[in-house]
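One structure is given below, encoded as structure tokens.
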Amino acid sequence: MDVFSSLPTSNEHIKCVDMHTSGGPVRIPIQGLPNLTGTLLGQKSQASLPENDYIRRRLLLEPRGHDGMYGGILRKDTELTKSGVADIGILYIHSGGYSMMCGHVTLGVSRFLIDTHDPEVFPNREKLRFDTKSLTTELRLHAPCGLLRITVPTMPDGKSSDPNRDVSFLSVPSFAAGLDIEVPIETIRKWTELGTRSSIVVDISFSGAFFAIVSAQELGFANGVKDIRNLEELWPVVNTIRDTISTAPELSAYTYLPTSPEPVLVNGVIIRDSTIGQTREDVSGAEVGIVFVENAIDRSPCGSGTAARVALAYAKGERKIGERWAYHSMLSLTSDGQGPFVGSPEEEIVIPGGKGVGARGVVVRTEGRAYYTGASIFVLEDIDKISRSGFKIMELSKALAGTRRTQHAQEPGT
Ligand SMILES: O=C(O)[C@H]1NCC[C@@H]1O
């Protein structure tokens, strides 16, 4: 205990609460952050962050984190909290950068926001509405992609969350953007299972972020995800799909937001298999998905990906309003079926400015469970250069190549 209690007295320390949502890590810094500049969320606040990016790197990269890390920086003052529309804001962070939407972090952070009563962390906590009949508390979260309406199961005293029931959130307007799109695969980027084919068929759907969705069978895995031996080996396949969609104008045409003049990058690729996945009494069916997002494989079933898949199924006429479906990850599938997210279309809506199949969409309810895993105080000693901004082991060779070139250039006579 002596060293543990003396550590926080070193120069900089950041207190964090750690959780996981179906395996997806959620790190929430609650004390020790500098005052972040700018009150706006979305693109503007992300643009204002470079000078603060060391926070994300220090908290999520090695040696304090890893490639699959995610977290949420709580923002008390955003345009929507100031106008009274939201109770608090959030900036989603991950090992590769910032996200417009992150469902698994939303589910975890929402539990924490019911449990905290620290006005420094969440000034509006005591104003939340606790429903004594359903034993739930409503929370309005300003996320970079828009307003998320969240329901957190709460203990009868109204003061803490109930870990035995699912948290749920209502998505931003979600829609299928493109159905059955043919994606050509360049010969040089073909993978063995594709055989002699030179294209695949994918769907594109949006729920706070765009996802390309394809079945494992369509990729050439005849028995679905059971045929996939090594998840890491799928990265070249996923990158091929993502790159092809973003570089071919006729394909990136499916990744426009109705309001944006430019295409948005596909955030994730979901390899799904509807022939497998534990179903239960309270859902109509189940499937599994391996979700490749940003630079990591999602440990959770992916909240935004779940909502995007529900919007897709609704657009294809495969789901009715209110019909609940279990979305497994490989982790939940192999954990006795514990930890799928459950998604259901809640309400059909018009997507203003939406075209074709994307002219109509749905608000999706996504349900899932998060658990606490720890509370940490991350410190930095003055002379420690290595952990100041964290590091990614895979980035080091690039950095070293740059150093070598510089040294070489400085040698006399070269
Ligand atoms: O649950 C989600 O939505 C997220 N999980 C990791 C990446 C996705 O954004």
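The values are calculated or read from the model by the stated rules, or taken from the named source; none is laboratory data. Please read all numbers here as calculations on a predicted model, not as lab measurements. Because the Cβ atoms are built from the backbone with ideal geometry, glycine has one as well, and the counts that use them run over all protein chains shown. Calculation scope for accessible area: heavy atoms of the full protein, side chains included, ligands and nucleic acids excluded. Shrake-Rupley method; radii C 1.70, N 1.55, O 1.52, S 1.80 Å.
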Going through the range 19-55 in order, the residues found to be modelled with pLDDT under 95, in contact with a His (Cβ under 9 Å, 6 or more places away or on another chain) and within 16 Å of the ligand (Cβ to nearest atom) are L41
With the checklist (1) part of a strand (DSSP E or B); (2) in contact with a helix residue (DSSP H, G or I) (Cβ under 6 Å, 6 or more places away or on another chain); (3) within 16 Å of the ligand (Cβ to nearest atom) in hand, flag the one item V152 doesn't pass. (3)
Taking the range 357-401 as the search range and keeping residues that are open to solvent by 50 Å² or more (accessible area, probe 1.4 Å) and of a type in the set (K, R), which one is nearest to G146 (Cα to Cα)? R365
When only residues in the range 257-277 that are out of contact with any Ser or Thr (no Cβ under 8 Å at 6 or more places or on another chain) and free of Cβ contacts under 8 Å to residues at least 40 places away in the same chain count, which is nearest to the ligand (Cβ to nearest atom)? S260
May I ask you to verify whether A307 is at pLDDT 95 or above and either more than 27 Å from G97 (Cα to Cα) or not assigned by TED's automatic domain parsing to the domain that holds A216 (or both)? no
Any residue in the range 194-209 that is in contact (Cβ under 8 Å) with a residue 24 or more places away in the chain and open to solvent by 10 Å² or more (accessible area, probe 1.4 Å) sitting within a Cβ distance under 9 Å of a residue that is in a strand (DSSP E or B) and among the aromatic types (F, W, Y)? List the pairs, counting only those 6 or more apart or interchain. D203/F211; F206/F175
Looking only at the range 252-277, how many residues end up being of a type outside the set (D, E) and either loosely packed, with under 12 Cβ neighbours inside 10 Å or not assigned by TED's automatic domain parsing to the domain that holds G361 (or both)? 3
The lone condition Y254 fails out of (1) in contact with a helix residue (DSSP H, G or I) (Cβ under 7 Å, 6 or more places away or on another chain); (2) not in a loop (DSSP other than H, G, I, E, B) is (1)
Among residues belonging to the range 70-100 that are open to solvent by less than 10 Å² (accessible area, probe 1.4 Å) and assigned to a loop (DSSP other than H, G, I, E, B), point out the one that is nearest to the ligand (Cβ to nearest atom). S95
Return the residue satisfying two criteria in turn: it lies in the range 278-312 and is more than 21 Å from E346 (Cα to Cα) and open to solvent by 10 Å² or more (accessible area, probe 1.4 Å), and of such residues it is nearest to the ligand (Cβ to nearest atom). D298
Just one of the numbered conditions (1) within 16 Å of the ligand (Cβ to nearest atom); (2) more than 20 Å from F169 (Cβ to Cβ); (3) in a strand (DSSP E or B); (4) not acidic (D, E) is not true of V214; which one? (1)
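The rows are residues; the columns are (1) aliphatic (A, V, I, L, M); (2) within 30 Å of G390 (Cα to Cα); (3) not assigned by TED's automatic domain parsing to the domain that holds P301.
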{"site": "I90", "(1), (2), (3)": "yes, yes, yes"}
{"site": "H117", "(1), (2), (3)": "no, no, yes"}
{"site": "D131", "(1), (2), (3)": "no, no, yes"}
{"site": "M155", "(1), (2), (3)": "yes, no, yes"}
Enumeration of residues in the range 233-251 that are open to solvent by less than 50 Å² (accessible area, probe 1.4 Å) and not in a loop (DSSP other than H, G, I, E, B): L234, W235, V237, V238, T240, I241, R242, T244, I245, L251
